[in-house]
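**Q** First, the structure itself, so that you have it in front of you.
The values are calculated or read from the model by the stated rules, or taken from the named source; none is laboratory data. Keep in mind it's a predicted model, so treat the numbers as computed, not measured. Every residue, glycine among them, receives a Cβ derived from its backbone with ideal geometry; neighbour counts consider all protein chains shown. Just so you know, the surface numbers come from the protein's heavy atoms only, side chains and all, with ligands and any DNA or RNA stripped out. Shrake-Rupley method; radii C 1.70, N 1.55, O 1.52, S 1.80 Å.
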Amino acid sequence: QVQLVESGGGLVQAWGSLGLSCAASRSIIGINRMAWYRQAPGNQRELVAAINMAGTTIYADSVKGRFTISRDNAKITVYLQMNSLKPEDTAVYYCNIKDARLYDYWGQGTQVTVSS
């Protein structure tokens, strides 16, 4: 059973920075894409950023220019660097790995709270 272990959440003031990381507990055959989602209270889970195995990235419009997704294939780890954080970025952040069968693995979620 593959587990995704997230770390790096916490409390930060507006305009501050946080970095998240997510590591898989063992290898995953045929990774298609690695991504970060977030879910704020009362809202649906939304895609924040994603990176495919070619290195192509996509970002939600709300985080473009502030967040950066990256990965380390050897460590089966995905990162999210978050700069210029805003109170509206407050949410539980989940990492996601989609394999070649389009099966989704999910992390347990890590809370990010941005105070104004």
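**Q** Compute the distance from the alpha-carbon center of segment 1-58 to that of segment 87-108, in whole Å.
**A** First find each Cα centre; the distance between them is then 5 Å.
**Q** Can you pull the one-decimal nm distance between simple spin-label points at residue 2 and residue 54, each 7 Å off the Cα toward Cβ?
**A** Each label point is offset 7 Å from its Cα along the Cβ direction, giving 2.1 nm.
**Q** Report Rg (one decimal) and Dmax (nearest whole number) for the chain, counting Cα atoms only, units Å.
**A** Values for the chain (Cα only, Rg and Dmax): 13.5, 42 Å.
**Q** Report Rg(Cα)/(2.2 N^0.38 Å) for segment 9-50, keeping two decimals.
**A** Expressed relative to 2.2 N^0.38 Å, the Cα Rg reads 1.50.
**Q** Right, next: Taking only protein heavy atoms into account and a 1.4 Å probe, give the accessible area per residue of the chain in Å².
**A** 53
**Q** Take every Cα pair under 8 Å in the chain that's 6+ residues apart, average their separations, divide by the length, and report that relative contact order as a whole percent.
**A** 36
**Q** Follow-up question, since we're still on this one. If I compute solvent accessible area with a 1.4 Å probe over the protein chains, what percent of it on the chain is carbon and sulfur?
**A** Ligands and nucleic acids excluded, carbon and sulfur give 49 percent.
**Q** Right, next: State, to one decimal in nm, how far the label point of residue 102 lies from the label point of residue 64, with both points 7 Å from Cα in the Cβ direction.
**A** 2.6
**Q** Right, next: Each residue of segment 96-113 in turn: what ³J(HN,Hα) in whole Hz from Karplus with 6.51, -1.76, 1.60 and θ = phi - 60°, glycine and Pro shown as x?
**A** After applying 6.51 cos²θ - 1.76 cosθ + 1.60, I find 9, 10, 10, 8, 5, 8, 6, 7, 9, 9, 10, x, 7, x, 9, 7, 10, 10 Hz.
**Q** List, in order, the whole-Hz ³J(HN,Hα) value for each residue of segment 34-48 obtained from phi through the Karplus relation with A = 6.51, B = -1.76, C = 1.60 and θ = phi - 60°; use x for Gly and Pro.
**A** In residue order, the calculated couplings are 10, 8, 10, 10, 9, 9, 8, x, x, 10, 6, 5, 10, 6, 9 Hz.
**Q** About its Cα centre, what dipole magnitude does the chain give when the only charges are +1 on Lys and Arg Cβ and -1 on Asp and Glu Cβ, stated in debye to the nearest 20?
**A** It works out to roughly 200 debye.
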